[in-house]
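The values are calculated or read from the model by the stated rules, or taken from the named source; none is laboratory data. Keep in mind the model is a prediction, meaning the values are calculated, not measured. Heads up, the Cβs are rebuilt from the backbone with ideal geometry, glycines too, and the neighbour counts pull from every protein chain shown.
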Amino acid sequence: MKTFIPLYLKTLLLLLLVLSFQNISAQTIITVTDCNLNGWVDLRYPNTTTAITTNAPNPPLGTGSLEYTTQTGALGNFRNESFHNTLLASLTTFKYSTYIQSRTNDTDNIFVVLQVDRTGDGLADDHLIFEPRWQTGSWVAGILPDQGPTVENTWQTWDMLHAIWWLGPPRVLNPEKGGEYLLLAAYISQYPEARIVNQPLGGGIGGIRVNVGSPRFAPFIDYWGGAFTGYLDAFTIGINGHTTIYNFEPSIANAGEDKTVVYGYGAHCTTLKARAAGGISPYSYQWSAGGRTWTSAEISVCPTVTTTYSLKVTDAQGCSGTDEVTVFVKDVRCGKKEDKVLVCHKGKMICIAQAAVKAHLQHGDQIGSCSSDAIAQSRNQNTQLDFTEANAFEPKQLRLSNYPNPFGSHTTIQYQLPFDGVVSLNVYDTSGRLVSTLVSGNKKAGTYSVGFSRNNLRAGVYFYKLIATDGLKSITQTQRMIQLE
């Protein structure tokens with residue numbers, strides 16, 4: 001005889017099955033940032049620093065991790081207070097990942113301490129301590145899976161649920177001192193009502209604590225034996241099948257790669273695109289340069305001199321990150337009115353009309369100097385000359401020019417001083433090397449001219465820089481000149 005099950009009951013049973021499955025497999029990823037630790041607390045012990053960075057390569061989640069740095073004799077303490085009164089017996093997942101960058105002692109690592117109430121009075125009775133170094137070799141042989149030795153420069157994930165633990169004070173059972181170690185399952189079996197509590201014990205702070213070092217000497221005479229730098233990520237705790245994963249991510253601003261534009265022929269504009277990572281969306285963007293600001297992720301800029309643009313990205317929680325990008329300007333203007341274009345033609349520089357440029361380019365010529373561009377060369381060099389100073393001062397303050405420009409064997413530099421003072425006029429090549437000193441000494445206010453000859457210099461771009469000071473103020477101007485073959 002067949003049993004009839006109403007359709008509504010079938011639907012209800014199916015719904016309960018789905019909900020049950022969802023409860024078992026439910027997972028929440030919580031992003032921890034510098035300005036929102038989401039349940040974590042940083043005690044910031046002396047000689048210990050914690051920061052959320054991207055310094056560790058390829059973390060398990062995202063691009064960031066919690067960086068832990070301590071010095072000799074220091075102890076780090078980063079704790080989570082979100083799991084007060086949680087039954088140890090309800091834990092279904094308990095693990096975290098570490099990356100050791102450097103350490104003085106090969107036993108040091110990031111370890112975990114639980115404050116546990118085993119008597120039911122709401123007060124902490126035990127420190128339960130998990131150390132990665134006990135999870136390998138003879139300690140676990142025939143009892144638990146071997147999780148391997150702690151190593152440097154690689155991410156390792158530690159399963160704390162199926163692992164060896166030991167008791168800290170007041171009931172010290174340190175394996176290294178001959179004390180007994182225990183399995184977490186055995187402790188739970190003996191104390192089925194044991195719970196995580198935030199109440200302090202023996203000077204330690206309650207809850208789930210993430211510490212650095214190796215507590216080798218009972219009872220905790222010395223937590224720390226040397227300097228240490230390491231990282232933690234993907235701290236995971238599952239309770240009755242619901243898993244919470246903590247992902248440590250800084251707020252990151254990325255302004256993109258440096259760019260180069262040509263000024264003097266065609267459009268000299270480019271687009272800057274901001275990117276954000278880490279933190280909590282939505283993000284706000286702010287670009288700034290030369291007193292101007294923009295508030296969109298993507299901006300179009302048209303600089304006439306090499307300019308550095310600063311970017312600040314702020315997430316929904318107020319955490320911010322900064323970056324900058326430089327747009328290098330390749331100035332190819334030439335001629336008395338600077339309305340012509342500098343072109344490299346068969347290894348020689350020539351100054352031609354705008355209308356003639358296209359034909360030259362079609363025949364293989366290139367815009368600009370035949371040598372590497374001055375601005376491009378200055379990107380990675382500590383030059384003596386600030387190429388962005390050109391035209392930094394109003395003409396009424398200081399006038400500086402040369403004619404002809406471009407020139408063959410000789411050009412005349414003319415400058416006008418607005419006050420009496422000490423004057424220097426120097427010529428530099430594109431690397432910032434001093435080529436010639438044309439003026440050095442006291443000058444009265446007025447207009448002056450000085451000649452500059454190529455002598456044995458190669459054809460190319462040169463810069464001449466004038467500095468004038470009267471003891472109270474100092475003004476500077478830099479101009480560019482082009483020497484032809």
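Quick one: Thr50 ticks every box in (1) among the hydroxyl-bearing types (Ser, Thr, Tyr); (2) modelled with pLDDT under 90; (3) surrounded by fewer than 17 Cβ atoms within 10 Å (Cβ to Cβ) except a single one, so which number is it? With (1) among the hydroxyl-bearing types (Ser, Thr, Tyr); (2) modelled with pLDDT under 90; (3) surrounded by fewer than 17 Cβ atoms within 10 Å (Cβ to Cβ) applied to Thr50, the lone miss is (3). Taken as a whole, the structure places Ile299 among residues that are more than 30 Å from Asn247 (Cβ to Cβ), without any contact (Cβ under 8 Å) to a residue 60 or more places away in the chain and in contact with a Leu (Cβ under 6 Å, 6 or more places away or on another chain).
Scoring Thr98 on the criteria (1) modelled with pLDDT of 95 or more; (2) over 23 Å from Ala234 (Cβ atoms); (3) of a type outside the set (Asp, Glu) leaves a single failure, condition (2).
The residue of segment 415-437 that is modelled with the lowest pLDDT, among those that are closer than 20 Å to Leu484 by Cα and not hydroxyl-bearing (Ser, Thr, Tyr), is Gly432.
Does Thr244 fit the bill of being touching a Lys or Arg at 6+ places or on another chain (Cβ under 7 Å) and either assigned by the TED database to the domain that holds Leu66 or buried (at least 16 other Cβ atoms within 10 Å of the Cβ) (or both)? Answer is no for this residue. In segment 428-485, the residue that is farthest from the chain's Cα centre (by Cα) out of those that are in a loop (DSSP other than H, G, I, E, B) and closer than 20 Å to Val332 by Cα is Glu485. Of everything in segment 314-371 that's part of a strand (DSSP E or B) and among the basic types (Lys, Arg), which residue is surrounded by the fewest Cβ atoms within 10 Å (Cβ to Cβ)? It comes out as Lys348. Take Ile367 and tell me if it is touching a strand residue (DSSP E or B) at 6+ places or on another chain (Cβ under 7 Å) and more than 25 Å from Thr270 (Cβ to Cβ). The answer is no for Ile367. Comparison of Ala56, Ala89 shows that the only residue that is part of a helix (DSSP H, G or I), assigned by the TED database to the domain that holds Gln135 and not polar (S, T, N, Q) is Ala89.
There is at least one residue in segment 302-313 that is farther than 24 Å from Phe463 by Cα, touching a residue at least 60 places away in the same chain (Cβ under 8 Å) and outside the structural domain of Tyr462 (by the TED database).
Condition check ((1) over 24 Å from Thr306 (Cβ atoms); (2) surrounded by fewer than 16 Cβ atoms within 10 Å (Cβ to Cβ); (3) touching a residue at least 40 places away in the same chain (Cβ under 8 Å); (4) touching a Leu at 6+ places or on another chain (Cβ under 9 Å)) across all residues:
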{"position": "Leu400", "(1), (2), (3), (4)": "no, no, yes, yes"}
{"position": "Gly408", "(1), (2), (3), (4)": "yes, yes, yes, yes"}
{"position": "Gln414", "(1), (2), (3), (4)": "yes, yes, no, yes"}
{"position": "Gly441", "(1), (2), (3), (4)": "yes, yes, no, no"}
{"position": "Gly451", "(1), (2), (3), (4)": "yes, yes, yes, yes"}
{"position": "Asn456", "(1), (2), (3), (4)": "yes, yes, no, no"}
{"position": "Tyr464", "(1), (2), (3), (4)": "no, no, yes, yes"}
{"position": "Ile467", "(1), (2), (3), (4)": "no, no, yes, yes"}
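Of all residue pairs spaced 6 or more apart or on separate chains, those with beta-carbon atoms under 8 Å, a first member in segment 84-95 that is more than 10 Å from Ile196 (Cβ to Cβ) and a second member that is assigned to a helix (DSSP H, G or I) and β-branched (Val, Ile, Thr) are Ala89/Ile188. Restricting segment 248-296 to residues that are in a loop (DSSP other than H, G, I, E, B) and touching a Leu at 6+ places or on another chain (Cβ under 7 Å), the residue that is modelled with the lowest pLDDT is Gly256.
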